[in-house]
1. Return the residues of the range 25-51 that are in contact with a Lys or Arg (Cβ under 9 Å, 6 or more places away or on another chain) and not aliphatic (A, V, I, L, M); say none if nothing qualifies.
2. Give the residues of the range 7-44 that are of a type in the set (D, E, K, R) and either modelled with pLDDT of 75 or more or under 19 Å from A57 (Cβ atoms) (or both), sorted by residue number.
3. Six or more apart or on different chains, Cβ atoms under 7 Å: show the pairs whose first residue is in the range 48-59 and over 10 Å from S102 (Cβ atoms) and whose second is among the aromatic types (F, W, Y) and surrounded by 17 or more Cβ atoms within 10 Å (Cβ to Cβ).
4. Of everything in the range 39-54, what is assigned to a helix (DSSP H, G or I) and either surrounded by fewer than 19 Cβ atoms within 10 Å (Cβ to Cβ) or in contact with a strand residue (DSSP E or B) (Cβ under 7 Å, 6 or more places away or on another chain) (or both)? Give them in sequence order.
5. Out of all the residues in the range 55-67, is one or more among the small types (G, A, S), more than 12 Å from the chain's Cα centre (by Cα), in a helix (DSSP H, G or I) and on the phi < 0 side of the Ramachandran plot?
6. How many residues does the range 34-57 hold that are over 17 Å from Y86 (Cα atoms) and of a type in the set (A, V, I, L, M)?
7. Quick check on the range 75-82. Is at least one of its residues closer than 27 Å to P28 by Cβ, more than 12 Å from the chain's Cα centre (by Cα), part of a loop (DSSP other than H, G, I, E, B) and of a type in the set (S, T, Y)?
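The values are calculated or read from the model by the stated rules, or taken from the named source; none is laboratory data. Everything numeric here is computed off the predicted structure, so don't read it as measured data. Here the Cβ is made from the backbone with ideal geometry for all residues, glycine too, and neighbour counts use every protein chain on show.
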Amino acid sequence: MILWCEGEAILHSGVWPFVDFNRKVGLPLPVVVAFLQTLNESLGALLVVCGFFAQWASLSLTLGFAVATACSLKLGEASWFLAAYYTIIFATLTLTGPGRYSLDGLKKS
């Protein structure tokens, strides 16, 4: 998952590129923001896949990727398109719900 990949990058190089990105954008507390967003993308994605608290997790992911889109646009990076794509996906899931075959759907039955 994303958390594992980020951790592996830090161990091999001693540098966390996401923190440098946050500094370039001018976000406050870039290390804390990088940690929280990595946690959001890892655990949030796991909750969405399991369908457990999927709407809340997808809402959190929608907000995170919306900020990522804005930050990428601010720096003029081409990766804004992928972040915007994920924003739309998770916003749709937030509005529609996970479906009847999810853990949340089984609770309602």
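1. Across the range 25-51, the qualifying residues are G26, P30.
2. D20, R23, K24, E41
3. Pairs that qualify, where the first residue is over 10 Å from S102 (Cβ atoms) and the partner is among the aromatic types (F, W, Y) and surrounded by 17 or more Cβ atoms within 10 Å (Cβ to Cβ), are S58/F90.
4. Taking the range 39-54 first, the residues assigned to a helix (DSSP H, G or I) are 39-50, 54.
L39, N40, S42, L43, A45, L46, V49, C50, listed by residue number.
5. No, the range 55-67 contains no residue that is among the small types (G, A, S), more than 12 Å from the chain's Cα centre (by Cα), in a helix (DSSP H, G or I) and on the phi < 0 side of the Ramachandran plot.
6. 2
7. Yes, the range 75-82 contains at least one residue that is closer than 27 Å to P28 by Cβ, more than 12 Å from the chain's Cα centre (by Cα), part of a loop (DSSP other than H, G, I, E, B) and of a type in the set (S, T, Y).
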